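Some notes on the structure that comes next.
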Amino acid sequence: MAKSTPPNTSNLKNLLFLLSLLFALINLSICAPSPSPSPTCPLSFSHVQTIPWNTTDCRSYDTSIERKNSCCQSVLTLIGIPLAHRLKQTSNFRLPNLATSVSCLNDLQKKLESLSLASNLTSVCFDPNQFVINNETCAGIQTTQDWISRLGSTTALDSACNSGLTDLTRCDACVAAGFRVQKQLISLDGNTSHGVYCYHFAVLYAAGIVNKKGPESDDALSCLFSLSLTSPLSSMKKRHTVALVLGITGAVVAALVIAGLIGLYLRFGRAVKEGEVGWEDQESRPKWRPNTGSIWFKIEELEKATNNFSQKNFIGRGGFGFVYKGVLPDGSVIAVKKVIESEFQGDAEFRNEVEIISNLKHRNLVPLRGCSMVDEDGESQRYLVYDYMSNGNLDDHLFPRVETHKTPLSWPQRKSIILDVAKGLAYLHYGVKPAIYHRDIKGTNILLDVDMRARVADFGLAKQSREGESHLTTRVAGTHGYLAPEYALYGQLTEKSDVYSFGVVMLEIMCGRKALDLSTSGSPNTFLITDWAWSLVKAGKTEEALAASLLRGDDEVLGVSNPKGIMERFLQVGILCAHVLVALRPTILDALKMLEGDIEVPSIPDRPVPLAHPCYRIDGNGFTISPALSGLDIHSGDMLR
């Protein structure tokens, strides 16, 4: 009989251990909590693809800081719309945590990418923390209950922003109410750095709670959020519902047409009887989208503000009209320009030009406040309304009349004015698309505000460039002495035409002499500051070109940061900007960098021919330049390159 083999106890123990370990792992996997899913964004961004918002700046946001800011403002609005919806639904101004905010920005980014926009827009524009609820943002407000407890059950927003904001006057009142509420919130908060966030809270409350039409209405988009639309939202909605409308209106159309004809008959019959049929009544109502920022003034308002355009209120003659000082009922001081000559071919072109100007927002431009049109003797009379600049224009300070006894501008003032003008021009050339060429840069078109900061004015002659165009114009505009030669000769307008004029103004500021002097005693030739300054600098006599007041008795000032050297640099940049050849002039951006010391000023190049050469003369019929300029190794076409 065979002998049985006893079992291997060691192997059995190992098997039992493995089985127990397996059961333990299974039990652990069953009992262990599953990883928490990423939070879902509570905001819907479907409107990104349906609202006709202008994506232009976001397609080239990396070309300038102005474009980036404009793009980010638009994208912020796209977040504000669903935040306003959520505020109404949940009473919460912001998102609950950082993870949710990140999730929402990711959702928004996907929508932006579906419009072929950059894949990093939300990260470029925002910090996710700025949309997270906290107690530190604005007066500790987190919910609508907090809002009411701090500001009361009603605010200025409730009456000013509830409806009708496509009307410019209503919109203006609503925005003003927003700033009043912002001021209240900042006062409660105690930290002025929270002002932007407090204003955002006011906008969200007005759009989500106060306005009857909601955050995606024309009211909210164009006024509260100031979103630039490529077409009115109302017309977009009409296109989407046209099939339904056609199906139910057939029977109603006839009745409406009849009622409309009766209404027109009664209205015009009454108007004819009362002598009131006129274009003025029709045009007294605002016609533009409120996001232009302009106010449509009634002519009666302007007449009252200017004391019926009295001679006492007359300021002077502008580039294309007479300017009057006025005071509005709210106490704000304005300058009203009565347009008497311009290139506007009709009312539509005038409106288009005003809309362009209204959208220009820069510290160194005179802001257009509004306008007015009225029918006078069968012709349209146009008015432009600007903020009043209390220190007048640069020309009055550089070349004051004897009786005014103005103190000469100090070096810091001159330096600040030059930099301000350069920044304003840089914005016109590169901060807007298409670029805008001013065409008439001169001392009288540079105004000084209460702080003596310079603002470029008078855009009546401004022209937008169009890519692909030759920029040849049929009419040369501008002022003799400031006109670039290629523009005066051939009508070719480029950004460097403005650079030339800017260079001339710089020389006036630095030298204290007028650009063009026809009465220079003892000289048979006309005095041109560009030729005169260039010849002195090339001869090593830079100090002789500088205004005497800059070098007289200010030793303690001249010893700081070597200002004499800085003055000489500014003078050289002015000469370079006013060079006769386009190719040798810097762009306004490069000129600004030279002025600020970021790049070196190149050596002053020779001039192919002095502009005071006999070929450049004044005759009885006005200002002329002879083709003989090509006689000294310069071809006429070279002036254009």
**Prompt:** Which of the following residues is more than 21 Å from Lys433 (Cα to Cα), crowded, with 18+ Cβ neighbours inside 10 Å and not hydroxyl-bearing (Ser, Thr, Tyr): Leu121, Leu105, Leu98?
**Reply:** Leu105
**Request:** Take Thr100 and decide whether it is assigned to a helix (DSSP H, G or I), among the hydroxyl-bearing types (Ser, Thr, Tyr), in contact with a Phe, Trp or Tyr (Cβ under 9 Å, 6 or more places away or on another chain) and in the same structural domain as Gly178 (by TED's automatic domain parsing).
**Result:** yes
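Table: residues versus (1) surrounded by 15 or more Cβ atoms within 10 Å (Cβ to Cβ); (2) assigned to a loop (DSSP other than H, G, I, E, B); (3) at pLDDT below 85; (4) not assigned by TED's automatic domain parsing to the domain that holds Glu508.
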residue: Glu301; (1), (2), (3), (4): yes, no, no, yes
residue: Phe322; (1), (2), (3), (4): yes, no, no, yes
residue: Asp330; (1), (2), (3), (4): no, yes, no, yes
residue: Phe344; (1), (2), (3), (4): yes, yes, yes, yes
residue: Ala348; (1), (2), (3), (4): no, no, yes, yes
residue: Glu355; (1), (2), (3), (4): yes, no, yes, yes
residue: Arg382; (1), (2), (3), (4): yes, no, no, yes
**Prompt:** Is there a residue in the range 109-122 that is at pLDDT below 90 and either of a type in the set (D, E, K, R) or in contact with a strand residue (DSSP E or B) (Cβ under 6 Å, 6 or more places away or on another chain) (or both)?
**Reply:** no
**Request:** Might you check whether a residue that is assigned to a loop (DSSP other than H, G, I, E, B), assigned by TED's automatic domain parsing to the domain that holds Ser222 and more than 30 Å from Thr55 (Cβ to Cβ) occurs anywhere in the range 108-123?
**Result:** no
**Fill in**
When (1) surrounded by fewer than 17 Cβ atoms within 10 Å (Cβ to Cβ); (2) of a type outside the set (Val, Ile, Thr); (3) modelled with pLDDT under 75 are applied to Arg67, the one that fails is (1)
**Prompt:** Using beta carbons and a limit of 9 Å, which pairs, at least six apart or on different chains, have the first residue in the range 175-200 and assigned to a helix (DSSP H, G or I) and the second one charged (D, E, K, R) and surrounded by fewer than 18 Cβ atoms within 10 Å (Cβ to Cβ)?
**Reply:** Ala177/Asp158; Gln184/Arg150; Leu185/Arg150; Leu188/Arg150; His194/Glu136; Gly195/Lys183; Cys198/Lys183
**Request:** Give Thr530, Thr526 a once-over and let me know the one that is out of contact with any Gly (no Cβ under 6 Å at 6 or more places or on another chain), modelled with pLDDT under 90 and either assigned by TED's automatic domain parsing to the domain that holds Asp590 or over 22 Å from Ile418 (Cβ atoms) (or both).
**Result:** Thr526
**Item:** Number of the exception - Ile209 against (1) assigned to a helix (DSSP H, G or I); (2) under 20 Å from the mean Cα position of the chain (by Cα)
**Value:** (2)
**Request:** Of the numbered conditions (1) part of a loop (DSSP other than H, G, I, E, B); (2) at pLDDT below 85; (3) of a type outside the set (Ser, Thr, Tyr), Leu43 fails exactly one; give the number of that condition.
**Result:** (2)
**Message:** For the range 188-210, give me each residue that is modelled with pLDDT of 85 or more and not β-branched (Val, Ile, Thr).
**Reply:** Leu188, Cys198, His200, Phe201, Ala202, Leu204, Tyr205, Ala206, Ala207, Gly208
**Message:** I'm trying to understand the selection: among the residues of the range 124-146, which are outside any helix (DSSP H, G or I) and on the phi < 0 side of the Ramachandran plot?
**Reply:** Phe126, Asp127, Val132, Ile133, Asn134, Asn135, Glu136, Thr137, Cys138, Ile141, Gln142, Thr143
**Meets criteria (touching a Lys or Arg at 6+ places or on another chain (Cβ under 7 Å) and aromatic (Phe, Trp, Tyr)) for Tyr427** = no
**Those residues of the range 389-402 which are modelled with pLDDT under 90 and of a type in the set (A, V, I, L, M, F, W, C), in sequence order** = Phe399, Val402
**Complete:** Pairing a residue in the range 89-114 that is touching a residue at least 60 places away in the same chain (Cβ under 8 Å) with any residue that is of a type in the set (Gly, Ala, Ser), where Cβ atoms lie under 8 Å and the two sit 6 or more apart in sequence or on different chains, gives Ala99/Ser38; Ser103/Ser38; Lys111/Ser46; Leu112/Ala118
**Fill in**
When restricted to Thr143, Thr100, Thr122, the only residue under 30 Å from Thr63 (Cβ atoms) and β-branched (Val, Ile, Thr) is Thr122
**Item:** Qualifying positions in the range 126-144 - more than 16 Å from Cys198 (Cα to Cα) and modelled with pLDDT of 90 or more
**Value:** none
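The values are calculated or read from the model by the stated rules, or taken from the named source; none is laboratory data. Computed from a predicted model, the values in this text were never measured in an experiment. Positions of Cβ are backbone-derived with ideal geometry, glycine not excepted, and every protein chain shown enters the neighbour counts.
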